[in-house]
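Q: Below you'll find the structure I mean.
Every number here is computed from the coordinates shown, using simple stated rules; none is lab data. Not measured: the values here are computed from a predicted model. Here the Cβ is made from the backbone with ideal geometry for all residues, glycine too, and neighbour counts use every protein chain on show.
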Amino acid sequence: MAESTDPMDYASWIRGMIERLAKEPREAWALFDSAVPEPKSLVRELVSDAFRDPVTSRYTSAFIGGNPYTVSALARRYDVPRDWIISTTGATEGLHTVYRALLEPGDHVLVETPRFELFDSLAANNHLNVDHFQRPAPEFALDLAGLETALTPKTRMVVVSDLHNPSSHPIPPDQLDALAALAEARDFWVVVDEVYRDYGPMRSRQDIGAKRSHRFISISSLTKIYGLSTLRCGWIIASEDALKRLRAHTDHFSFGVSKLGHAVAALVLENSASFDAYVQRLSEAARPVMTRHCDLWRQEGWVESALPDHGCVAFLKLNEIEDTQAFSTWLMEHSNVIVAPGELFGQPGYVRLGYVQDPAQLEEGLTRFTEGLQAYRQARIRKVV
């Protein structure tokens, strides 16, 4: 059985999988997707109605301050002032902007782990020094004592995700408050990546990080919650000094916000009930399928992790399999199933599965995953014997 090589960054891993499938055409079951499938029929209907004569007023310049309708819709969605919102071409550009606007080369950044790899690579690209603090399994809450111990006099920023990527667990509100108090006392910024947060209960949607402290900056987009990466619509929400510095930076350097993409984004946000219903239907259909398979894997002693209450991905600890990069490669080769290995998130021994998709397709993919996991374990036993 082949040993894994050094883990690649997430973007390279995705591209490698796509290129491999192109070279070896075959049907594959993608359980690595970290968003709902693109709602093509909803978008087609929305765009068809909006761009017949007369063309929608939402199709307007986004050059100065972003599309005003998108900004207003976001202000209503999160109950924040319009001027707290900065439009970006996605959450990744939002994080890149925060690093460049608020930090200097050589500054120290603390990033949660397990983590989304781009938190690290974007910081390194901006010549920042990165260390990590643990979000311990199985709940992946913040280890605030460990975080405080890891702070240095040069720490200028802490980066977390809520819901957590890759586990989908939330940060408890009392921990966010404690982190806010620590940030204000020790004078560092906190970036909260909230691209999965809207999968949580609707009643808590407005309780974003940026409203908890002037030291908090929230980043999000339409990619994960609605599967609309094609719109390249993201945003930063901040206040006070962070807002001033971020806006000064974007006014000087950022000109890439799409007039067309953010016009459609405005229409999506203004008609968000239909998109929320789409996500809810998929989640309610897919979740029982995922739960049933997770229960089976735990009963067999193959995994330890339980399915979180919300989100579209699950982060599962595989018992007796430490090299999950080797396992994921084997699984694709033998079962045509693609899962994201934990090494991509700094947590070997785990795999991340995306499950909010068509339930019939999910059932087939999870059945193949089950068969592949069992076969892999048996192959390992035979090799040991």
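Q: Please arrange His96, His252, His214 by counting, for each residue, the other beta carbons lying within 10 Å of its beta carbon, fewest first. Intermediate results must be reported in sequence, preceding the final value.
A: Details: His96 19, His252 9, His214 16.
The most exposed by this proxy come first: His252, His214, His96.
Q: Long-range amide H contacts for Trp189: which residues qualify at under 5 Å (H placed 1.01 Å from N, peptide plane, sequence gap of 5 or more or a different chain)?
A: Met157, Val158
Q: OK, next. Report relative contact order for the chain in percent, whole number only (criteria: Cα-Cα under 8 Å, sequence separation at least 6). Provide the component values of the computation, followed by the final result.
A: Numbers: 672 pairs, mean separation 90.8, N = 385.
Once normalised by length, the contact order is 24 percent.
Q: Could you tell me which of Thr89, His108, Ala62 has its Cα farthest along the dipole of region 61-117 towards the positive end, charges placed at Cβ (Lys, Arg +1; Asp, Glu -1), taken about the Cα centre?
A: So the residue we want is Ala62.
Q: Just flag the trypsin sites (Lys or Arg not before Pro) in region 104-204 sitting in loop per DSSP whose Cβ has no more than 13 other Cβ atoms within 10 Å.
A: Here the trypsin sites (Lys or Arg not before Pro) that fit, given the DSSP loop and packing criteria, are Lys154.
Q: How large is the dipole of region 61-270 about the Cα centre if only Lys and Arg carry +1 and Asp and Glu carry -1, each at its Cβ, rounded to the nearest 20 debye?
A: Working: 21 positive and 25 negative charges, 133 e Å.
About 640 debye.
Q: What percent of all Cα-Cα pairs in the chain falls into each 10 Å bin, going from 0 up to the bin containing the maximum distance?
A: Taking all Cα pairs of the chain, the binned fractions are 5, 23, 31, 26, 13, 3, 0, 0 percent.
Q: Using a Gaussian network for the chain with springs between C-alpha atoms less than 10 Å apart, which of these wobbles most: Ala22, Ala183, Ala124?
A: The residue that fluctuates most here is Ala22.
Q: Among Leu182, Ala242, Gly16, whose Cα lies farthest out toward the positive end of the dipole of the chain, if unit charges sit on the beta carbon of Lys, Arg (+1) and Asp, Glu (-1)?
A: Positive-end residue among those listed: Ala242.
Q: Also, quick follow-up: Taking the DSSP beta bridges in the chain as the whole, what percent of them are antiparallel, to the nearest 5?
A: On the way: 16 of 37 bridges.
Taking every DSSP beta bridge with both residues in the chain, the antiparallel ones total about 45 percent.
Q: Still on this structure: Would you grab the residues whose amide H sits under 5 Å from the one on Phe133? Only those 5+ places off in sequence or on another chain, please, with H modelled 1.01 Å from N.
A: So Phe133 has HN proximity to Val111, Glu112, Thr113.
Q: Which value in deg cm²/dmol, rounded to the nearest 500, describes the helix-derived mean residue ellipticity at 222 nm for the chain, given -39,500 (n - 2.57) per DSSP H run of n ≥ 4 and division by the residue count?
A: Values: 13 runs with 173 residues, N = 385.
When only DSSP H runs of four or more count, the value is -14500 deg cm²/dmol.
Q: Please state the charge dipole magnitude for region 43-152, taken about the Cα centre, from unit charges on C-beta atoms (+1 on K and R, -1 on D and E), reported in debye and rounded to the nearest 20. Walk me through the numbers on the way to the answer.
A: Working: 9 positive and 15 negative charges, 117 e Å.
Rounded to the nearest 20 debye, it is 560 debye.
Q: Of the beta bridges DSSP finds with both residues in region 139-242, what % are antiparallel, to the nearest 5?
A: On the way: 4 of 13 bridges.
Expressed as a percentage, antiparallel bridges in region 139-242 total about 30.
Q: How big is the gap, in Å, between the Cα center of region 165-194 and the Cα center of region 212-265?
A: Distance between centres, Cα-based: 19 Å.
Q: I need Ser48, Ser168 ordered by Cβ neighbour count within 10 Å, fewest first.
A: With the fewest neighbours first, Ser48, Ser168 line up as Ser48, Ser168.
Q: On to the next question. Quick one: which residues, 5+ away or cross-chain, put their amide H under 5 Å from the amide H of Ala340? H built at 1.01 Å from N.
A: Residues meeting the amide H criterion: Arg352.
Q: Also, I was wondering about something else. Roughly how many whole Å is it from the C-alpha centroid of region 297-359 to that of region 90-129?
A: Computed from Cα coordinates, the inter-centre distance equals 27 Å.
Q: So, one more: Under a GNM of the chain (C-alpha, springs under 10 Å), which listed residue has the highest mean-square fluctuation: Leu267, Leu142, Leu21?
A: Evaluated over the chain, the most mobile residue of the options is Leu21.
Q: Then there is this: Springs between alpha-carbon pairs under 10 angstrom, Gaussian network model over the chain: which of Ile86, Ile219, Ile14 fluctuates most?
A: Ile14
Q: Let me ask something additional. Each residue of region 160-165 in turn: what ³J(HN,Hα) in whole Hz from Karplus with 6.51, -1.76, 1.60 and θ = phi - 60°, glycine and Pro shown as x?
A: Values per residue, Gly and Pro as x: 9, 10, 8, 4, 5, 10 Hz.
Q: Quote the charge dipole size of the chain about the Cα centre in Debye, to the nearest 20; the model charges only the Cβ of Lys and Arg (+1) and of Asp and Glu (-1). List each step's numbers first, then the result.
A: Working: 40 positive and 51 negative charges, 149 e Å.
It comes to approximately 720 debye.
Q: A follow-up question, please. Classify region 72-193: rounded, prolate or oblate, from the alpha-carbon gyration tensor (a ≥ b ≥ c, eigenvalue square roots; a/c under 1.5 rounded; otherwise prolate if a/b is larger than b/c)?
A: Numbers: a/c = 1.45, a/b = 1.15, b/c = 1.26.
Taking the square roots of the gyration eigenvalues as a ≥ b ≥ c, region 72-193 is rounded.
Q: Please compute the contact order of region 61-270 in relative form: average sequence separation of alpha-carbon pairs under 8 Å and at least six residues apart, divided by the residue count, as a percent. Write down the numbers at each step before the final one.
A: Working: 386 pairs, mean separation 59.8, N = 210.
Relative contact order, region 61-270: 28 percent.
Q: Scaled to the compact-protein estimate 2.2 N^0.38 Å, what is the alpha-carbon radius of gyration of region 61-270, rounded to two decimal places?
A: On the way: Rg = 16.0 Å, N = 210, 2.2 N^0.38 = 16.8 Å.
Scaled against compact globular proteins, the figure is 0.95.
Q: Choose one of Thr152, Thr223, Phe119: the residue whose Cα lies farthest towards the positive end of the charge dipole of region 61-270 (beta-carbon charges +1 Lys, Arg; -1 Asp, Glu; about the Cα centre).
A: Value computed over the given set: Thr223.
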